[in-house]
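Please read the structure below before turning to the comments.
The values are calculated or read from the model by the stated rules, or taken from the named source; none is laboratory data. Please read all numbers here as calculations on a predicted model, not as lab measurements. For neighbour counting, all protein chains shown are included, and Cβ atoms are generated from backbone atoms with ideal geometry for every residue, glycine included. Surface accessibility is based on the protein's heavy atoms, side chains included, excluding ligands, DNA and RNA. Shrake-Rupley method; radii C 1.70, N 1.55, O 1.52, S 1.80 Å.
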Amino acid sequence: MRTFDEVLAGEYASATSQGGRFALLMVDIDGLRQINETYGYGTGNVALKSVAEAVKRTIRATDRAGRYGGDEFAILLAGATPEV
């Protein structure tokens, strides 16, 4: 989370000083706690890894993603246009 915050701060500074833009997406896994409690933390870890892999396959090479909290991922889309 700390590293992602640093990357985000740098991207924000760059975008504001150079008139650029970016998008920030937050992804939350609803029900992860219930998965952990019902099926165990091993299954919860599989769910986390599955979401992480899906994010990794979906983002561009210039984008950055990271786990931001227990069940949250943050995705920074540098130079994102409305189409992105």
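Nonpolar atom fraction for the chain, defined as the carbon and sulfur part of the 1.4 Å probe accessible area, stands at 53 percent. Over the chain, all Cα pairs binned in 5 Å intervals from 0 give whole-percent P(r) values of 3, 14, 22, 20, 16, 10, 7, 4, 2, 0, listed from short to long. Would you work out which of TYR39, THR58, SER17 lies farthest towards the positive end of the dipole of the chain, given +1 charges on the beta-carbon of Lys and Arg and -1 on that of Asp and Glu, about the Cα centre? Working it through, the farthest residue towards the positive pole turns out to be THR58.
FRET efficiency for the ARG57 to VAL27 pair, using the beta carbon distance and R₀ = 22 Å, is estimated at 0.95.
Ordering of 49-55, 76-82, 37-43 by packing is 76-82, 49-55, 37-43, highest average first (other Cβ atoms within 10 Å, averaged per residue).
Net length available on complete extension from ALA9 to TYR68 is 19.8 nm, with 0.36 nm assigned per residue and the Cα-Cα distance removed. Placing +1 on each Lys and Arg Cβ and -1 on each Asp and Glu Cβ, with no other charges, gives the chain a dipole about its Cα centre of roughly 240 debye.
How many angstrom lie between the Cα centre of region 61-84 and the Cα centre of region 27-47? Centre-to-centre distance over Cα atoms comes out at 22 Å.
Backbone phi angles across region 42-56, fed through the Karplus curve with coefficients 6.51, -1.76 and 1.60 (θ = phi - 60°), yield HN-Hα couplings of x, 5, x, 5, 4, 4, 4, 5, 5, 5, 4, 5, 5, 4, 4 Hz in residue order; Gly and Pro are listed as x.
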